[in-house]
Amino acid sequence: MDNILDIRTGARRGHEDLAAERAVLGAVLADNSIFASLAEVVSTDDFASPAHAQIFAAMIKLDGSSRQVDHLTLAEELKVLGQLAAVGGPAYLMSLDQVVPVPGNAIQYAKIVKDQAIRRRLAGVGREIQELASQETGELDVLLDEAERKVFLLAEKKREGDLRPVSELMEHTLDLLDKMKTATTGITGLSTGYVDLDNQLTGLHPGELIILAARPGVGKTSFAMNIATHVALQEEARAAAIFSLEMPADQLLMRLLASCARVDMKKLRGGRLTPHDEEKFQEMAGKLYNAPLYIDDSGGLSPFDLRAKARRLKQRDPRLSLIIIDYLQLMHQKGKVESRQLEISEISRSLKQLSKELEVPIIALSQLSRKVEERKDGKPMLSDLRESGAIEQDADVVMFIHRENQGEGEGGGEVRTSSAIPVQLVIAKQRNGPIGDIDLVFLAEYTRFESRARVE
């Protein structure tokens, strides 16, 4: 018993404050009503003392089952878990609420516990980075990426993929299910702005890799930009990042403005807008000016560069909710690669990992092989994804834009003017839902897609 008490004297050693930990636990015993507020600040693994972590976990379990948290119920719960003796027995539990200096300061005590926990983790990451630096083998870019990833996870207050009990995961999962039940529209993810697509996918979800593929000139850039502007221009604005490896930022922004303002792209480029179109253009320019929309037009982007930029943006703007890459085949790995197919496989895998790390959906545009043009109907299939079958394997969703009579739409030539051009959006793969086709129209003069029912 003496040994147990010795390690809980409250002495401050290194990056821990056992007195603050005792104060947090004692505050809960003194006033159960503050538990929810404390639980928003600290979690079980923030406690330096294993005994304190076990006590807090037992409190979480009692509170979760709507039971009173007091000395008797807490002792009984710990006894059931086989942990009562290890934490110091009933006598230690009785002592906890006798050491709370000022009960009203419980949140401050919790913040001290959290602060010390972060410092411990930072010290641990520092040791891991030092170990990485001492390695003579391995490419420097790989080592830098790993070091940056560790610091980013720490800054985001996330833990790496440790084994976690179902009890710890259950609350988050139940919250997601509640959100699904209360969603009046049935859309639990990020809305794309296209009702039929949202209904099919239930929105774009964090951690998903979505591949949008088509032959050149069919409209994949336009479609992705339409989604990005819809996200950024909503009343509850969410940030979107566009990595344009093919088109310069000024040209891309010009197309975004024309599409959102619904002005003829050809007239805009020729400086021949009507006064009415000019008014619409200026109004949309004002809206986009204030929108949380980010564009990077660096050419030859590597997965390492992309991860570094996306992580920094996420820290700068926590609203980041969508990343678009135009397009996947223009990315390159640094260093030597055995084959282009293996390189694309590694790139697609890194994009999937990044979507999980940042908890945002990533839309990666992709080229299709020429095989699709050899078929009579020209309708794309999963096997048409260019250069690697790994793209299909890594993707949660694969979508194709299919237009029977493909004219110029996005290439370097003039934008084709026409009335609504019928287009099919083919959902060829969806890991968590059905596949199928969605009818759209392409308004080439505006470089804009619309739902076919809306145009008709």
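The values are calculated or read from the model by the stated rules, or taken from the named source; none is laboratory data. All values reported here derive from a predicted model rather than from experimental measurement. Here the Cβ positions follow ideal geometry from the backbone for every residue, glycine too, while neighbour counts run over all protein chains shown.
Conditions (1) within 25 Å of Ser222 (Cα to Cα); (2) surrounded by 22 or more Cβ atoms within 10 Å (Cβ to Cβ); (3) assigned by TED's automatic domain parsing to the domain that holds Tyr294, marked per residue:
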{"site": "Asp305", "(1), (2), (3)": "yes, no, yes"}
{"site": "Arg312", "(1), (2), (3)": "no, no, yes"}
{"site": "Leu322", "(1), (2), (3)": "yes, yes, yes"}
{"site": "Leu328", "(1), (2), (3)": "yes, yes, yes"}
{"site": "Ser339", "(1), (2), (3)": "no, no, yes"}
{"site": "Glu346", "(1), (2), (3)": "no, no, yes"}
{"site": "Ser350", "(1), (2), (3)": "yes, no, yes"}
{"site": "Glu359", "(1), (2), (3)": "yes, no, yes"}
{"site": "Ser366", "(1), (2), (3)": "yes, yes, yes"}
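Which condition number does Gly436 fail, the rest of (1) among the small types (Gly, Ala, Ser); (2) modelled with pLDDT of 80 or more; (3) more than 18 Å from Pro361 (Cβ to Cβ); (4) surrounded by 15 or more Cβ atoms within 10 Å (Cβ to Cβ) being met?
That leaves (4) as the condition not met.
Residues in segment 252-263 that are assigned to a loop (DSSP other than H, G, I, E, B) and either surrounded by fewer than 20 Cβ atoms within 10 Å (Cβ to Cβ) or touching a Cys at 6+ places or on another chain (Cβ under 9 Å) (or both): how many?
1
Identify, please: which residue in segment 192-251 is free of Cβ contacts under 8 Å to residues at least 60 places away in the same chain and either outside the structural domain of Ile295 (by TED's automatic domain parsing) or not in a helix (DSSP H, G or I) (or both) and is, among those, farthest from Leu306 (Cα to Cα)?
The residue in question is Glu235.
Of all residues in segment 363-403, how many are over 25 Å from Ala241 (Cα atoms) and touching a strand residue (DSSP E or B) at 6+ places or on another chain (Cβ under 6 Å)?
6
Across segment 312-348, what is the number of residues that are touching a helix residue (DSSP H, G or I) at 6+ places or on another chain (Cβ under 7 Å), charged (D, E, K, R) and modelled with pLDDT under 85?
1
Could you check segment 323-377 and list, in sequence order, the residues that are part of a strand (DSSP E or B) and under 15 Å from the mean Cα position of the chain (by Cα)?
Ile323, Ile324, Ile325, Ile362, Ile363, Ala364
Restricting segment 234-261 to residues that are within 20 Å of Leu320 (Cα to Cα) and among the acidic types (Asp, Glu), which is farthest from the chain's Cα centre (by Cα)?
Out of the qualifying residues, it is Glu235.
Given the condition of a type in the set (A, V, I, L, M), modelled with pLDDT of 70 or more, under 27 Å from the mean Cα position of the chain (by Cα) and part of a helix (DSSP H, G or I), answer yes or no: does some residue in segment 106-120 qualify?
There is at least one residue in segment 106-120 that is of a type in the set (A, V, I, L, M), modelled with pLDDT of 70 or more, under 27 Å from the mean Cα position of the chain (by Cα) and part of a helix (DSSP H, G or I).
Of the conditions (1) surrounded by fewer than 18 Cβ atoms within 10 Å (Cβ to Cβ); (2) among the hydroxyl-bearing types (Ser, Thr, Tyr); (3) under 20 Å from the mean Cα position of the chain (by Cα), Tyr289 fails just one. Which one is it?
Single failed check for Tyr289: (3).
Among the listed residues Leu84, Leu72, which satisfies the condition of being in a helix (DSSP H, G or I), modelled with pLDDT of 85 or more and over 18 Å from Asp17 (Cβ atoms)?
Leu72
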